[in-house]
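Inspection log for the structure reproduced underneath, given as structure tokens.
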Amino acid sequence: MFLRKLVSVIGREKGFHSTKALLEAAIIDGNNIAKQIEKEVRTSVESWIKSGKRRPKLVAIIVGDDPASKVYVSRKVKVAKAVGIDAETITFDKSISQKHLLKAIENLNKDTSVDGILVQLPIPKSINEREICEAVTPAKDVDGFHSENMGKLSVDNDSIVPATALGVIELIQRTKVDTFGKNAVVIGRSKHVGLPIALLLHSDSKGVSGALDMTTTICHRHTPPEELKKFTRLADVVVAAAGVPGLVKKDMVKPGACVIDVGITRVDTESGQKLLGDVDYESVKEIAGHITPVPGGVGPMTVVMLMKNTLKAARKNQS
Ligand code: GUN
């Protein structure tokens, strides 16, 4: 009671309209941090070109007509252009065969004017996704999904690291959250998101990937809800990447924890489409120390880290 009163007095002095507002989590503004990184990447691209190198070029492939994929890729192209990277989109009909898609990727692998290639996921079920990820030559694999890049990441060798994982780590680091020796939980074990995030959270900060030295647990669809809660309540950092809207509730979060929401589920509402995160934002912000919103948290970070990867790929391809 005394503590609440004290907080209330300090809060009023600092201009907070209520004790509740003062006690709420600080919002991690992904749009703002991504803008800062965008400027940094633009500066790096300019000096790369001033040193006599060719402007980096990214090619994005869309297969089919998934509206969300079109939105994501057009955002990637827009940010690429904003940082001085050439970007092109190639769209294939959903009926394209595996063989034809592989051939198109092979041509881009050989094209010396192209530095980065990405195949926007999901792709139609008729196509083997892993085989497509393996077809992109590792030096141009700006998604970092090739097993060579994933393998290098897991043994802490220099590699192209998946952009969402890089974005999550960057948000945590730029927010100056204390991570060394602390506990982290990743909810979701997908190979392209949950797994690389967990690798970066637990690995050695002195290693090449600049990881966070956290004691890291991966929970997933087969973790019973009561067990999930036991793990998350011990976590100083919770990264929710399960694709289950509202999965993380207030009673699952340790007071003061940093909660990063990677989930983006599109739902139709009467007023149009809405994006839902994996975190029950309104309740969790009452207990967390830091929280990312959806949208405006991890999403813009993924796009800008992809640009960092494209510049990295240009350095590999043009050396
Ligand atoms: N679909 C959703 N996220 C991603 C991503 O980071 N890369 C690609 N290629 N497809 C995606």
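Select from region 58-70 the residues that are within 17 Å of P124 (Cα to Cα) and more than 9 Å from the ligand (Cβ to nearest atom) and list them in ascending order. Please lay out each step first, then the result.
Narrowing region 58-70 to residues within 17 Å of P124 (Cα to Cα): 60-70.
Once the filter is applied, which keeps residues that are within 17 Å of P124 (Cα to Cα) and more than 9 Å from the ligand (Cβ to nearest atom), region 58-70 yields I62, V63, G64, D65, D66, P67, K70.
Each row is one residue, and each column tells you yes or no for (1) away from the ligand (no atom under 16 Å from the Cβ); (2) at positive phi; (3) surrounded by 13 or more Cβ atoms within 10 Å (Cβ to Cβ); (4) assigned to a loop (DSSP other than H, G, I, E, B).
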| residue | (1), (2), (3), (4) |
| --- | --- |
| T91 | no, no, yes, no |
| K94 | no, no, yes, yes |
| K99 | yes, no, no, no |
| I105 | no, no, yes, no |
| S113 | yes, no, no, yes |
| I132 | no, no, yes, no |
| A139 | yes, no, yes, no |
| E148 | yes, no, yes, no |
| G151 | yes, no, no, no |
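Pull out all pairs, ordered by first then second residue, where Cβ-Cβ is under 7 Å, the residues are six or more apart or on different chains, the first lies in region 119-130 and is in contact (Cβ under 8 Å) with a residue 12 or more places away in the chain, and the second is within 9 Å of the ligand (Cβ to nearest atom) and among the hydrophobic types (A, V, I, L, M, F, W, C).
Note: pairs meeting the criteria are V119/I61; Q120/A60; Q120/I61; Q120/V73.
Which ones in region 71-89 are within 15 Å of the ligand (Cβ to nearest atom) and either within 19 Å of the chain's Cα centre (by Cα) or closer than 18 Å to T164 by Cβ (or both)?
The answer is V71, Y72, V73, S74, R75, K76, V77, V79, A80.
Take the residues in region 161-180 that are assigned to a loop (DSSP other than H, G, I, E, B) and within 12 Å of the ligand (Cβ to nearest atom); name whichever of them is surrounded by the most Cβ atoms within 10 Å (Cβ to Cβ).
That would be P162.
Residues of region 72-89 being within 21 Å of I264 (Cβ to Cβ) and either touching a residue at least 24 places away in the same chain (Cβ under 8 Å) or in a strand (DSSP E or B) (or both), which ones?
First, pick out the residues of region 72-89 that are within 21 Å of I264 (Cβ to Cβ): 72-80, 89.
Correct list: Y72, V73, R75, K76, V79, A80, T89.
So that you can scan it fast, the table gives a plain yes or no per residue for (1) within 27 Å of P295 (Cβ to Cβ); (2) touching a strand residue (DSSP E or B) at 6+ places or on another chain (Cβ under 8 Å):
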site	(1), (2)
K182	no, yes
S203	no, no
T215	no, yes
E227	no, yes
A235	yes, yes
G243	yes, yes
G246	yes, yes
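Of the residues V238, V279, V259, which is crowded, with 18+ Cβ neighbours inside 10 Å, over 30 Å from V83 (Cα atoms) and out of contact with any Asp or Glu (no Cβ under 8 Å at 6 or more places or on another chain)? Can you show your working first?
Numbers: V279 fails: out of contact with any Asp or Glu (no Cβ under 8 Å at 6 or more places or on another chain); V259 fails: over 30 Å from V83 (Cα atoms).
Of the residues listed, the single one that is crowded, with 18+ Cβ neighbours inside 10 Å, over 30 Å from V83 (Cα atoms) and out of contact with any Asp or Glu (no Cβ under 8 Å at 6 or more places or on another chain) is V238.
Hey, can you tell me all the residues within region 241-256 that are outside any loop (DSSP other than H, G, I, E, B) and buried (at least 18 other Cβ atoms within 10 Å of the Cβ)?
If we filter region 241-256 for residues that are outside any loop (DSSP other than H, G, I, E, B), which is where we start, we get 248, 250-252.
If the condition is that a residue be outside any loop (DSSP other than H, G, I, E, B) and buried (at least 18 other Cβ atoms within 10 Å of the Cβ), then V248, M252 are the ones that fit.
Being surrounded by fewer than 22 Cβ atoms within 10 Å (Cβ to Cβ) and within 16 Å of the ligand (Cβ to nearest atom) narrows it down to one residue among S190, S205; which is it? Lay out the reasoning, then the answer.
Details: S205 fails: within 16 Å of the ligand (Cβ to nearest atom).
Of the residues listed, the single one that is surrounded by fewer than 22 Cβ atoms within 10 Å (Cβ to Cβ) and within 16 Å of the ligand (Cβ to nearest atom) is S190.
Please go through region 45-67 and pick out each residue that is more than 23 Å from the chain's Cα centre (by Cα), at negative phi and not charged (D, E, K, R).
S47, W48, I49, S51
Just so you know, all these numbers are worked out from the coordinates, no wet-lab data involved. None of the values given here were measured: they were computed from a predicted structure. Here Cβ is always computed from backbone atoms with ideal geometry, including for glycine, and neighbour counts include all displayed protein chains.
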